[in-house]
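Comments concern the structure below.
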Amino acid sequence: MKIDLHIHSKNSDGADTVEELIPLIKAAGVDVFALTDHDRTDGWAQASELANELGLTFIPGVEITTEGRVPDSNGDIEPFGIHLLAYLPNPEHPALVKVLEDNRKDRIQRVKDFVSNLQSVYTELSFELVMHIAQKDSTMGRPDIAKALVQLKKFDNVDEVFNSPNSPISKQSPFYVKNYAPDVLEVIKIVRAAGGVPVIAHPLARTSSEDVQPESFPRKHFEDMVAAGLLGLETKHKEVSSDHRDILEAFAAEHNLVTTGSSDYHGLDVKPHNPLGLHVTSIEMLKRILELGTGTKPTLNHEF
Ligand code: AMP
Ligand code: FE
Ligand code: FE
Ligand code: ZN
């Protein structure tokens, strides 16, 4: 049985609408999937319906934008981005609703500011174009800006916009604008209060290879997250190195955390190296998630 618990649709920065996505999941031979769009849960109803039609099991999920605030040896805090997956939370829990709403609102302003910085070089770029390319009301992100630059023929593809040596949208770019994000420790508590299962997405890698890799494992930070209620780590992911995976799996075993493996599919035009089912989660770990997640019901079409 193939279990892939980290998948994006066009509701956030994926390439496929939910309607297009679920048949692709079926065709990839995945039996159990989670839809984990950034900062929103409104694709769940349609995903559940289509899962029933195709005999797939659907686990409701969301990937929440948060940040870690860990003091360095001088006591200074340089926040860094952390994506927190939440499985089976109550999507109507007021504190969770507020976190997701605030994140989405900030992402729109951030893309506006980003585009206005980029206009000094890419004069044809506009916020309207980026909005036009993204699905109406979708959660905005850098991939939407990248798609606009491809459409304007400034780059050949999205991957190149992110990874070219002088990428205009990398963290090192002079045009870069940071996301606002709430403290990961607070969001872990909120996800638990909403009956959800908080799992760190692509730990130590965050969103792409451009992020600074920690020289050593920040054990204290991970212990703080466990104390706040963290229940799992996505240890098998394209952007988690095998060295980090080993360290993370040892830590997870020590703290009785769930470990998952997933593709983080965004459509092959957006992320060509993350096909559906690239990494998978074991049945044993899925069962633990199903036991721990009490905020909403999964759509079960298999017996576990
Ligand atoms: P943002 O959260 O807006 O800063 O953008 C980060 C998003 O870009 C994440 O959801 C990643 O999945 C996506 N991303 C990171 N690297 C790449 C890449 N090389 N190609 C396409 N998408 C990427
Ligand atoms: Fe994404
Ligand atoms: Fe992510
Ligand atoms: Zn993701």
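Quick note: the coordinates plus some simple rules give every number you see, no bench work behind them. None of the values given here were measured: they were computed from a predicted structure. Ideal geometry is used to build each Cβ from the backbone, glycine not excepted, and the neighbour counts take in all protein chains shown.
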Cα-projected label distance for ALA193 with ASN301, points at 7 Å along beta-carbon direction, nm: 3.6 nm
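With a 10 Å Cβ neighbour count serving as the proxy for reagent exposure, in which order, fewest first, do ASP72, ASP16, ASP144 appear?
Numbers: ASP72 8, ASP16 22, ASP144 25.
Arranged by neighbour count, lowest to highest, ASP72, ASP16, ASP144 become ASP72, ASP16, ASP144.
Taking DSSP loops as anything outside H, G, I, E and B, show the longest stretch in the chain free of trypsin sites (Lys or Arg not before Pro) there with at most 10 other beta carbons within 10 Å.
154-304
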Under the Karplus curve 6.51 cos²θ - 1.76 cosθ + 1.60, θ = phi - 60°, whole-Hz ³J(HN,Hα) for region 156-169, x wherever Gly or Pro sits: 7, 7, 4, 4, 5, 4, 6, 10, 5, x, 10, 3, x, 10
Estimated inter-spin distance, VAL97 and LEU152, nm [label 7 Å along Cα→Cβ]: 3.8 nm
Calculated FRET efficiency for the pair GLN135/GLU284, C-beta based, R₀ 45 Å, to 0.05: 0.80
Solution diffusion estimate, µm²/s, Stokes-Einstein, region 3-292, Kirkwood Rh from C-alpha pairs, 20 °C, viscosity 1.002 mPa s: 111 µm²/s
Positive-end residue, the chain charge dipole about Cα centroid, Cβ charges, pick of THR57, PRO174, MET131: MET131
Pairs beyond 29 Å (Cα-Cα), from LYS112/LYS154; LYS10/LYS112; LYS2/LYS171: LYS2/LYS171
Derived scalar couplings ³J(HN,Hα) [region 61-70; Karplus, 6.51 cos²θ - 1.76 cosθ + 1.60; whole Hz; x for Gly, Pro]: x, 8, 10, 9, 6, 9, 9, x, 10, 10
Efficiency of FRET between ASP269 and ASP76 - r from beta-carbon atoms, R0 45 angstrom, step 0.05: 0.65
Bridge type composition, the chain - antiparallel percent by DSSP, nearest 5: 50 percent
Cα-only Debye scattering, region 31-153: base-10 log of I(q)/I(0) at q = 0.11, 0.14, 0.18 Å⁻¹: -0.52, -0.78, -1.03
Longest exposed-site-free window of the chain, the sites being GluC sites (Glu not before Pro) in a DSSP loop that have at most 13 other C-beta atoms within 10 Å: 1-91
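So how much slack lies between SER120 and ASN163, counting 0.36 nm per residue of separation and subtracting their Cα-Cα distance, in nm?
Numbers: separation 43, 0.36 × 43 = 15.48 nm, distance 2.05 nm.
Between SER120 and ASN163, full extension yields 13.4 nm more.
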Helix-only mean residue ellipticity at 222 nm for the chain, each DSSP H run of n ≥ 4 adding -39500 (n - 2.57), per residue, nearest 500: -11000 deg cm²/dmol
THR259, THR36, THR235 arranged by Cβ crowding within 10 Å, fewest neighbours leading: THR259, THR235, THR36
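Give me the extension gain from GLU249 to THR17: residue separation times 0.36 nm, minus the current Cα-Cα distance, reported in nm with one decimal. Could the numbers behind the result be given before it?
Values: separation 232, 0.36 × 232 = 83.52 nm, distance 3.36 nm.
Result for the pair: 80.2 nm of gain on full extension.
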Simple label model, 7 Å out from Cα along Cβ direction - LYS112 to ASN52, nm: 4.0 nm
